[in-house]
Amino acid sequence: MKQYIAIDIGGTNIKYGVVSQNGEVLSNLEKETSAFAKGEELLKFLADIVALLRNDETAGIGVATLGAVDEESGCVIGMCDNYPVIKGLPLAGYLKEKTGLPVSVMNDVNTTALGEAGFGAGRGLSTFFCMTLGTGIGGAYVHNGEVISGIHGIAGEIGYLWSGQGERYENLASAKRFSEECRRLGNHEEKALLPALNGDPVYAELLERWIRDVALGIADVIYILDPGTFIIGGAVSETGKPFTDRIEKSLEEILYPDFRGKTRILPAENGNVSNMLGAIYPFIKQ
């Protein structure tokens, strides 16, 4: 059975491992991104990863990365403020030269969407919108099994929408914003969303306001794309249906009547390995 090396380059960690052609994650390791302050250090580390994980069954390398990606050249071309070192690095060309293997490089939100399309909540769906809620907010529109990336490879970036309050959507509705507001209430726990969803009165007003802010951005996408299904990824997906059901309820209160009852909100299913699965999905789909 064919196997693929999957690499997920994020602003905090680099996750990597081996994934089988049926979507089974055979190994899952990680390293802090901050360990690589120079581009050449990162490239060498990626080549070392392949040398470590490669075997006779290895058929390709899939890379998910933060930032906007030129998929033809396999380079990050922008939107990489969390790790600017990566901009312009020849990720695909370097790995192809070093390994002789085919290489796919894609934006990490696009790979989250493809991971859900192939192995998660998007299985069997021809069209859906995938949104990741984390430090920021990312988005990817999947239509007929393909990510619609736009002329310049930057379509779907829902986090850059402007809210009616004069803030960018991701500044207002990200999971980071919710955590910051929780700390202002005196909670310094890493995770406050679950107790909030379970009815902790300390968070009741904050949760209601944040859920509504999240739903407002989703409503804007529905008016433009009518995707039928929204899949929400990022760490918040661990809370499952209790979270997405709350968003769906708020959404129904926001939408104009003719749009109500037409969009499902689902949690992503692949959690921490979604980008790794999506990174190798182009090979499997072929």
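The values are calculated or read from the model by the stated rules, or taken from the named source; none is laboratory data. Source: prediction; values computed, not measured. Neighbour counts are summed over all protein chains in view; Cβ atoms, including those assigned to glycine, are modelled from backbone coordinates with ideal geometry.
Tabulated data for the structure shown
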read-out	value
Condition check for D220: in the same structural domain as T263 (by TED's automatic domain parsing), of a type outside the set (A, V, I, L, M) and at pLDDT 95 or above	yes
Which numbered condition G67 fails, given (1) surrounded by fewer than 16 Cβ atoms within 10 Å (Cβ to Cβ); (2) modelled with pLDDT under 95; (3) in contact with a Lys or Arg (Cβ under 9 Å, 6 or more places away or on another chain); (4) not polar (S, T, N, Q)	(1)
Residue among A113, A121 that alone is buried (at least 22 other Cβ atoms within 10 Å of the Cβ), assigned to a loop (DSSP other than H, G, I, E, B) and modelled with pLDDT of 95 or more	A121
Candidate set from region 130-156 (those that are over 17 Å from G271 (Cα atoms) and either touching a strand residue (DSSP E or B) at 6+ places or on another chain (Cβ under 6 Å) or modelled with pLDDT of 95 or more (or both)); member that is surrounded by the fewest Cβ atoms within 10 Å (Cβ to Cβ)	H143
Some residue of region 87-103 being outside the structural domain of F230 (by TED's automatic domain parsing), surrounded by 23 or more Cβ atoms within 10 Å (Cβ to Cβ) and under 17 Å from A155 (Cβ atoms)	no
Near pairs, Cβ below 6 angstrom, 6+ apart or cross-chain, from region 203-223 (touching a residue at least 12 places away in the same chain (Cβ under 8 Å)) to any residue that is among the hydroxyl-bearing types (S, T, Y)	I211/S250; R212/S250; A215/S250; G217/Y169; I222/T263
Lone unmet requirement of (1) part of a loop (DSSP other than H, G, I, E, B); (2) within 26 Å of G115 (Cβ to Cβ); (3) free of Cβ contacts under 8 Å to residues at least 40 places away in the same chain for G166	(2)
Flag for I247 being in contact with a Cys (Cβ under 8 Å, 6 or more places away or on another chain) and closer than 24 Å to V109 by Cβ	no
First in region 18-37 and on the phi > 0 side of the Ramachandran plot, second anywhere and assigned to a strand (DSSP E or B) and not polar (S, T, N, Q), Cβ under 8 Å, 6 or more apart	none
